[in-house]
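Taken together, the values in this text are just the output of simple stated rules run on the coordinates, not laboratory data. Quick caveat, the model's predicted, so the values are computed rather than measured. All Cβ positions, glycine included, derive from the backbone under ideal geometry; neighbour counts span all protein chains shown.
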Amino acid sequence: MERRLLLKLMAAGFLPGAASQPGLVSIATAATSYQPQYFSTVEMGVLDRLTELIIPEDDHSPGARAAELNVYIDVVVSEASDDVKQRWRKGLAAAAEETNRRFNKGLSDCDNGELDQVVAAMAANEQNPSTALDRFFPLLKRATIDGYYTCKIGIHQDLQYQGNTAVSEFPGCTHEEHGRP
């Protein structure tokens, strides 16, 4: 990763030790005023929905949408090599072809249930990808996980990281199955 991208991500609050702003919106001041740097507005909406399917909101913490991972991905891909940009283009095109084949509609026109089926199809061959759709899932999944667990929501709300603190005593494991009462 290049220094310029690291500085953008730190300023946006996506990396440890970063500013207090939650998410990349600090780059553009507000989420509603964010202007995509690489993806189209429609693609940003699709990325928002796909990442939310990978890390959905639950009772424990907000999901990918709240973390604005589509913005994170847009910034990272905009700074990436042409090869990486092409992998994203091919992946989104393959996902669009899959929704057209399955549902006879565009990717952005699918409901969440239909998108979930497409994501399941992407993930089915994750260990042995052979198509553009198969190869897109690890790319999307890795970007989603990286973005989520380097942003304030992922670190503090999901992982409940409290910061580096001194522990005066560590009692060890207390589970019976590990030989401790």
Out of every Cα-Cα pair in region 106-181, what percent are more than 22 Å apart? 56
For region 58-74, 3J(HN,Hα) per residue [Karplus equation, 6.51 cos²θ - 1.76 cosθ + 1.60, θ = phi - 60°, Hz, x = Gly/Pro]: 9, 5, 7, 7, x, x, 4, 4, 5, 7, 6, 5, 4, 5, 4, 4, 4
Under Karplus coefficients 6.51, -1.76 and 1.60, residue-wise ³J(HN,Hα) of region 79-93 in Hz, glycine/proline x: 9, 7, 5, 4, 4, 5, 4, 5, 4, 5, 4, 5, x, 5, 5
Based on the Kirkwood radius over alpha-carbon pairs, what is the Stokes-Einstein translational diffusion coefficient of region 30-181 at 10 °C with 1.306 mPa s viscosity, in µm²/s? 92
Which FRET efficiency value, to the nearest 0.05, is calculated for SER33 and ARG65 with the Förster distance at 25 angstrom and r the Cβ-Cβ distance? 0.90
